[in-house]
1. Given the residues Val57, Val20, which is the only one that is assigned by TED's automatic domain parsing to the domain that holds Pro5 and of a type in the set (A, V, I, L, M, F, W, C)?
2. Taking the residues in the stretch 31-72 that are among the small types (Gly, Ala, Ser) and at pLDDT 80 or above as candidates, determine which candidate is surrounded by the fewest Cβ atoms within 10 Å (Cβ to Cβ).
3. Among the residues of the stretch 9-26, write down those that are part of a helix (DSSP H, G or I) and either surrounded by 10 or more Cβ atoms within 10 Å (Cβ to Cβ) or modelled with pLDDT under 85 (or both).
4. Kindly provide the set of residues from the stretch 10-24 that are hydrophobic (A, V, I, L, M, F, W, C) and farther than 15 Å from Ser46 by Cβ, ordered by number.
5. Against the condition on the phi > 0 side of the Ramachandran plot and surrounded by 11 or more Cβ atoms within 10 Å (Cβ to Cβ), how does Gly77 come out, does it pass?
6. Any idea which residue in the stretch 33-68 is nearest to Val19 (Cα to Cα), counting only those that are assigned to a helix (DSSP H, G or I) and basic (Lys, Arg)?
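The values are calculated or read from the model by the stated rules, or taken from the named source; none is laboratory data. All of these numbers come straight from a predicted model, not from anything done at the bench. Methodologically, a virtual Cβ is constructed for each residue, glycine included, from the backbone with ideal geometry; neighbour enumeration extends over all protein chains shown.
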Amino acid sequence: MLDYPSIQFHCYGYGTPAVVEPSFAPTMSSWMTTVVHRCDVIPRLSEGSIYDLKDRVKYALERNSAWTKRFAHILAGSTRR
């Protein structure tokens, strides 16, 4: 990189989480390639996607009370119905 201009390298990442500031991405584009498989959750995970998931689960639970009770048992670690 900048400290060692005579060393050439290229980095390949597979399913990596998004941990770099968007403004830094253009600087990395010449030496980094990231591959994401369609709907892989880790690279797409963000604060917004977590809130969206929470809202969707809440909506689903509010619509189906029988499923809500079962889901509560699962979260509590119980397998009994």
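1. Val20
2. The qualifying residue surrounded by the fewest Cβ atoms within 10 Å (Cβ to Cβ) is Gly48.
3. Pro22, Ala25
4. Cys11, Phe24
5. Against the criterion (on the phi > 0 side of the Ramachandran plot and surrounded by 11 or more Cβ atoms within 10 Å (Cβ to Cβ)), Gly77 does not qualify.
6. Once the filter is applied, the top-ranked residue is Arg44.
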